[in-house]
Amino acid sequence: MSEETIEYHWGKHHRTYVDNLNRQIDGTDLDGNSLEDTMVILYNKGDILPAFNNAAQAWNHDFFWESMKPGGGGRPSGELLKLIERDFGSLKKFLDEFKTAASAQFGSGWAWLAYKESRLDVGNVLNPLQSGEDKKLVVVKTPNAVNPLVWNYYYPLLTIDVWEVLIKFTLCYSGFETVKTIISFH
């Protein structure tokens, strides 16, 4: 990502979400909550615009920036690599699935590597308990500001901002090729 892109994306785009959210929750019962709690409360109230959008986009961007470092990247190792190989079959299969999720997200959104803990144990609803689909790494994509935290049993580990991919798409030939460039472990 170029310096100019980071300055715009962080300094204007991300900053706007933070400033707007602060104005929207000032003096409300949400004032003083953590960003994560604010986001989940708003989502579960069904109030996804505009305060949820601002809270979630601020959280998503914070997480996105924390996922990067200058000259970063590199091949995963240790427990993460073991889990990727267990749940996807190989690092290559994970990367292919992650790249496809990011490049196939229509419009603004996010692609995530998340840990799916288990289904909710809700007694009054037909909702089976843990299955083979639980307690594993999964790739999910979300529209706009939505992120896996609002689903209660998903925990984000890695993300890519599809907005960033779309910007690069306008400058490059192929969105998929752009995603392949952004997500490389060479």
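The values are calculated or read from the model by the stated rules, or taken from the named source; none is laboratory data. Quick caveat, the model's predicted, so the values are computed rather than measured. Every residue, glycine as well, gets a Cβ built from its backbone with ideal geometry; the counts of neighbours run over all protein chains shown. Accessible surface is based on the protein model in full, side chains and every heavy atom, while ligands, DNA and RNA are left aside. Shrake-Rupley method; radii C 1.70, N 1.55, O 1.52, S 1.80 Å.
Assorted remarks:
- Qualifying residue in the range 109-118 (condition: modelled with pLDDT under 85 and closer than 20 Å to K141 by Cβ): yes
- Of all residues in the range 132-153 being part of a strand (DSSP E or B) and in contact (Cβ under 8 Å) with a residue 40 or more places away in the chain, the one that is most open to solvent (accessible area, probe 1.4 Å): K141
- Check on L49, surrounded by fewer than 19 Cβ atoms within 10 Å (Cβ to Cβ), touching a Phe, Trp or Tyr at 6+ places or on another chain (Cβ under 7 Å) and over 14 Å from W151 (Cα atoms): no
- Some residue of the range 5-26 being surrounded by fewer than 20 Cβ atoms within 10 Å (Cβ to Cβ), among the hydrophobic types (A, V, I, L, M, F, W, C), without any contact (Cβ under 8 Å) to a residue 12 or more places away in the chain and under 22 Å from V162 (Cα atoms): yes
- Number of the condition not met by M68 [criteria: (1) closer than 13 Å to I160 by Cβ; (2) open to solvent by less than 60 Å² (accessible area, probe 1.4 Å)]: (2)
- Which numbered condition Q57 misses (of (1) touching a His at 6+ places or on another chain (Cβ under 9 Å); (2) open to solvent by 80 Å² or more (accessible area, probe 1.4 Å)): (2)
- Top-ranked residue in the range 154-165 [being of a type in the set (A, V, I, L, M) and crowded, with 21+ Cβ neighbours inside 10 Å; ranked as nearest to E97 (Cα to Cα)]: I160
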